[in-house]
Amino acid sequence: MRSLIALAVTAAFTASFAQAQPKPPPAWHQGKGAKMADSKLAPHAGKMTETAASDIPVKNLKLPRGFKAELWASGLPGGRSMTASADGKKLYLGTRIIGRVYEVTDEGSKRTVRVVVDKLTQPSGVAVNKGSLYVFAIDKVLRYDNIASNPNAQPVDMTKAFDLPPEQHHNWKYIAFGPDGKLYVPFGAPCNICEPPSKEYAQIRRYNADGSGKEIIATGVRNTQGFDWHPKTRELWFSDHGRDWAGDNGPQDELNRLAKPGGNYGFPYCHANGIVDPDIKKADACKGVTRPVALMGPHAAAMGVKFYTGKMFPAEYQNTMFVVRKGSWNRTKPMGFDVVNVRVDGEGKASIKPFATGFQQGADGYNFWGRPAYVHQMADGSLLVSDEQVGAIYRISYSAPKAAAKK
């Protein structure tokens with residue numbers, strides 16, 4: 001009897017103790033030092049329900065003269081990265097929090113949407129290769145063969161072949177097949193700022209399509225969420241998010257170039273254009289670090305990167321980059337929430353110009369209705385821009401302005 005009473009008392013004490021312990025802070029709190037302890041900043045809550053097309057104010061978007069934005073598809077809560085079938089008739093979108101992959105069928109005058117797979121852990125990475133759709137979640141890799149012609153295609157589980165590290169933080173992915181036929185996959189830092197617990201993180205890898213031939217091609221990459229290859233040089237260009245909780249003005253997000261495999265981009269010791277980290281210290285922290293070609297703004301969340309190769313837009317846009325900035329949360333005055341055009345001259349100097357703005361409301365920029373995430377080029381040269389906040393895709397097209405009538 002005494003032993004039963006003792007067990008009951010122990011169980012009650014354990015339960016009481018567990019309830020008294022505070023819950024650990026969410027992952028985005030990590031790295032929040034004493035100077036920022038009282039900050040109320042927090043990630044923006046995404047909208048995980050459908051937004052009616054009539055409630056999406058696409059008319060508020062502002063573009064250069066001659067360009068037009070229209071709502072191309074909606075009903076895609078959390079839609080992020082995009083990839084298309086070979087004929088362009090099917091578009092696939094990955095998501096993060098909601099755990100879905102969507103298929104959008106272009107029927108000319110309208111688009112229809114279906115869910116390919118649901119209840120995955122942050123399946124943001126999607127890519128099509130030789131008719132097969134690859135889906136990368138945190139802990140799973142699925143391949144759907146001939147999915148454009150067979151909507152009932154069953155997935156081939158390729159998880160084991162790709163050797164995925166387990167941590168979730170910054171491990172959601174953007175993936176793409178390169179000009180060499182290899183599949184490029186990033187593995188972000190499992191923290192805001194830290195020395196990664198193993199060498200599996202803060203890097204970009206490439207694989208053969210079957211998961212063999214793993215090669216680490218870049219290190220010191222905190223969290224790239226978009227990349228593309230220069231149409232002529234075939235060099236890889238990628239965005240990278242700067243760390244949080246180091247102040248309003250930095251470190252800035254980066255736009256980087258990988259001239260050859262093996263580059264080190266600084267994380268966690270060196271950020272942006274040579275800023276030494278105040279918390280994770282190392283002698284000669286920035287020695288040997290490849291500096292960014294352009295700084296994309298503090299906490300701006302630079303996402304999709306796409307070189308323009310179409311014929312619809314004016315010639316000045318040929319081989320320039322469109323970079324999507326989803327918008328800041330770790331900044332008292334928000335910035336980003338736009339698409340910019342980046343041009344690099346013969347000396348390697350970059351210029352950044354606004355392209356698609358208007359996602360923010362009010363002079364101070366504290367309110368926003370949309371958060372653009374990725375850009376995809378259509379066969380006709382128009383651009384599609386995904387909006388994670390309202391679950392929509394916008395089509396941006398161009399028509400040369402008519403000359404003013406002579407008086």
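Here are a few things to note about the model shown:
- Taking amide H as placed 1.01 Å from N in the peptide plane, H271 has its amide H under 5 Å from the amide H of V276, D277, each at least 5 places away in sequence or on another chain.
- Scalar couplings 3J(HN,Hα) for segment 175-181, obtained by applying the Karplus form with A = 6.51, B = -1.76, C = 1.60 to θ = phi - 60°, are 10, 6, 8, x, x, 8, x Hz; x denotes Gly and Pro.
- The residues E388, E50, E167, sorted by heavy-atom accessible surface at 1.4 Å with ligands and nucleic acids left out, run E50, E167, E388 from largest to smallest.
- C-alpha center-to-center spacing [segment 120-141, segment 160-209] in angstrom: 13 Å
- Using a probe radius of 1.4 angstrom, the carbon and sulfur fraction of the accessible surface of the chain is 52%.
- Among P25, P186, P166, the residue with the largest mean-square fluctuation in a Gaussian network model of the chain, with springs joining Cα atoms closer than 10 Å, is P25.
- Heavy atoms of R222: accessible area, 1.4 Å probe, square angstrom to 10: 10 Å²
- In degrees, nearest ten, helix 2-20 long axis to first principal axis of the chain (Cα): 30 degrees
- For D248, the accessible surface of its heavy atoms amounts to roughly 50 Å² (probe 1.4 Å, protein chains only, rounded to the nearest 10).
- Debye-formula intensities of segment 74-155, expressed as log10 I(q)/I(0) at q = 0.17, 0.19 Å⁻¹, are -0.58, -0.73 (one equal scatterer per alpha-carbon, no solvent).
- All Cα pairs of segment 299-407, percent lying beyond 25 Å: 28 percent
- Coupling constants for segment 217-226 follow from the phi torsions by the Karplus curve (6.51 cos²θ - 1.76 cosθ + 1.60, θ = phi - 60°), and in residue order they are 9, 8, 10, x, 9, 5, 6, 7, 10, x Hz; glycine and proline get x.
- Where the alpha-carbon atoms of segment 231-306 are placed on the principal axes, they occupy 39, 27, 13 Å, in descending order.
- Solvent exposure of the chain, expressed per residue, is 47 Å² of accessible area, with all protein chains present and a 1.4 angstrom probe.
- Applied to segment 282-296, the Karplus parametrisation 6.51 cos²θ - 1.76 cosθ + 1.60 on θ = phi - 60° returns per-residue 3J(HN,Hα) values of 7, 4, 6, 4, 9, 5, x, 7, 6, 7, x, 6, 8, 9, 9 Hz, with x for Gly and Pro.
- Computed accessible area, T290, all protein chains, 1.4 angstrom probe, square angstrom: 50 Å²
- When the helices of the chain are scored as -39500 (n - 2.57) per DSSP H run of n ≥ 4 and the total is divided over every residue, the value at 222 nm lands at -1500 deg cm²/dmol.
- Note on the chain: GNM, Cα springs under 10 Å; of P197, P334, P231, the largest mean-square fluctuation is that of P197.
- Entries of K119/K182; K214/K353; K173/K333; K47/K110; K306/K333; K130/K402 with Cα pairs more than 31 Å apart: K214/K353; K130/K402
The values are calculated or read from the model by the stated rules, or taken from the named source; none is laboratory data. Keep in mind that what you see is a predicted model, and the values were worked out from it rather than measured. With ligands, DNA and RNA removed, areas are computed over all heavy atoms of the protein, side chains included. Shrake-Rupley method; radii C 1.70, N 1.55, O 1.52, S 1.80 Å.
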